[in-house]
Amino acid sequence: MDFLRPTTLADALALKAERPDAVPIAGGTDVMVELNFDHRRPAALLDLTGVPELADWSSVSSVSSAADTVRLGAGVPYVRVIAELGDKLPGLAMASRTVGSPQIRNRGTVGGNLGAASPAGDTHPVLLAVGASVEVASVRGVRTIPADEFYLGVKRNAVEPDELITAVNVPVTAAPQQFSKVGTRNAMVIAVCSFAIALHPEREAIGAAVGSAAPTPRRALKAEAFLAGELTDKKLWGSRAPIADSVRRRFGELVASASAPIDDVRGSADYRRHALSVLARRTLTWAWNDYQGSDSACA
């Protein structure tokens with residue numbers, strides 16, 4: 001196995017063009033597990049830890065919309081998302097706090113989570129709910145893939161063999177977001193199922209997505225449309241009045257119906273559907289409570 005160590009992004013892209021079979025590695029929290037259990041034996045590893053262009057984030061002002069964006073480098077670890085971006089990207093920070101152990105959060109990255117494309121990846125539902133996009137690059141140029149179009153199948157994504165994930169573009173918000181997951185224990189656990197919700201009051205919309213309950217992470221489109229319609233029809237965006245229990249229950253049912261779970265060692269399909277319904281109701285309650293108490297939520 002060859003070990004390639006570029007020190008600039010240009011060098012990394014050139015090596016990836018020459019060796020499309022090279023597997024990128026940064027934190028190694030997924031790749032090393034596969035290597036240790038002999039589930040994968042690539043011809044080469046492409047070490048990205050020495051590429052400074054991937055290791056930081058920046059705020060980007062938008063000229064096409066009122067929302068600013070954080071461009072999060074693919075090599076920024078979860079611990080920095082938690083410490084530095086909790087106010088700008090609350091949902092992503094919440095999901096990052098649930099990832100593994102402190103050691104894993106110090107090494108693992110959102111870029112690596114995207115590269116692995118596991119249906120159980122903790123950050124995926126948040127990226128879908130907030131309308132994030134993934135920046136990928138090659139010697140041919142740079143392109144941006146909406147999160148909706150990024151996940152193609154179990155551990156399959158839209159990155160071409162000669163491309164590297166360079167960043168994730170995540171809209172900045174003052175509106176409430178929530179993330180929650182169910183696992184077989186309270187910490188250091190892969191999700192049995194997970195759910196993220198994002199309120200978008202500036203356009204009277206809802207983002208909702210499920211994880212670990214289908215071949216790919218996916219948005220709950222019918223649940224989004226139902227809840228947004230209820231909030232608009234009843235003028236709750238402006239009044240911030242309580243949401244009826246019947247609406248919360250129906251929202252939970254529609255979230256569960258968006259999933260396509262399987263039975264496995266971590267849980268049954270029926271359990272996953274039930275848990276998603278509960279998670280959806282609870283996270284909606286938490287997010288709406290935040291919205292009711294925030295004067296800046298519409299900013």
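Read-outs throughout are calculated quantities, based only on the coordinates presented, and are distinct from any laboratory measurement. Computed from a predicted structure; not experimentally measured. Cβ: placed from backbone, ideal geometry, glycine included. Neighbour counts: every protein chain shown.
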- Message: In whole Hz and in residue order, list the ³J(HN,Hα) couplings for segment 78-85 that follow from phi through the Karplus curve 6.51 cos²θ - 1.76 cosθ + 1.60, θ = phi - 60°; x for Gly and Pro.
- Response: 4, 4, 6, 4, 5, 6, 10, 10
- Query: Shape call for segment 123-167 from the C-alpha gyration tensor, a ≥ b ≥ c root eigenvalues: rounded (a/c under 1.5), prolate (a/b greater than b/c) or oblate?
  - Reply: oblate
- Mean ellipticity per residue at 222 nm, deg cm²/dmol - from DSSP H runs of n ≥ 4 across the chain, formula -39500 (n - 2.57): -10500 deg cm²/dmol
- Cα gyration tensor shape for segment 1-127, rounded if a/c is under 1.5, else prolate or oblate: oblate
- Message: From the gyration tensor of the Cα coordinates in segment 216-282, what semi-axes in whole Å does the equivalent ellipsoid have, largest first, with each one equal to sqrt(5λ)?
- Response: 27, 12, 8
- Between 0 and 90°, nearest 10: helix 221-233 axis offset from the chain longest Cα axis: 40 degrees
- Task: For the chain, just say rounded, prolate or oblate: build the C-alpha gyration tensor, square-root its eigenvalues into a ≥ b ≥ c, call rounded for a/c under 1.5, and beyond that prolate if a/b exceeds b/c, oblate if not.
- Result: prolate
- Give me the aspartates and glutamates in straight-line cross-link reach of K235: C-alpha distance below 20 Å, same-chain residues under 8 apart excluded. E202, E204, E224, D245, D290, D295
- Message: Report for segment 177-292 the percent antiparallel among DSSP-assigned beta bridges with both residues inside it, nearest 5.
- Response: 100 percent
- Note on the structure: Diffing segment 204-220: the Karplus 3J(HN,Hα) column from phi (6.51, -1.76, 1.60, θ = phi - 60°), in whole Hz with x for Gly and Pro, holds 6, 10, 10, x, 8, 8, 10, x, 6, 9, 6, x, 9, x, 8, 6, 9
- Query: Once you charge only the Cβ atoms, +1 for Lys and Arg and -1 for Asp and Glu, what is the size of the charge dipole of segment 177-292 about its Cα centre, to the nearest 20 debye?
  - Reply: 120 debye
- Message: Report for the chain the percent antiparallel among DSSP-assigned beta bridges with both residues inside it, nearest 5.
- Response: 85 percent
- Query: Mind checking the angle between helix 269-292 and the chain's longest principal axis? C-alpha axes, 0 to 90 degrees, to the nearest 10.
  - Reply: 70 degrees
- Would you mind working out the magnitude of the charge dipole of segment 1-47 relative to its Cα centre, with +1 at each Lys and Arg C-beta and -1 at each Asp and Glu C-beta, to the nearest 20 Debye? 40 debye
- Which residues qualify? For L45, with a placed amide H closer than 5 Å and at least 5 residues away or on another chain, they are D2, F3, L4, V23
- Item | Sparse-neighbour loop sites [trypsin sites (Lys or Arg not before Pro); segment 219-253; at most 11 other C-beta within 10 Å; DSSP] | K235
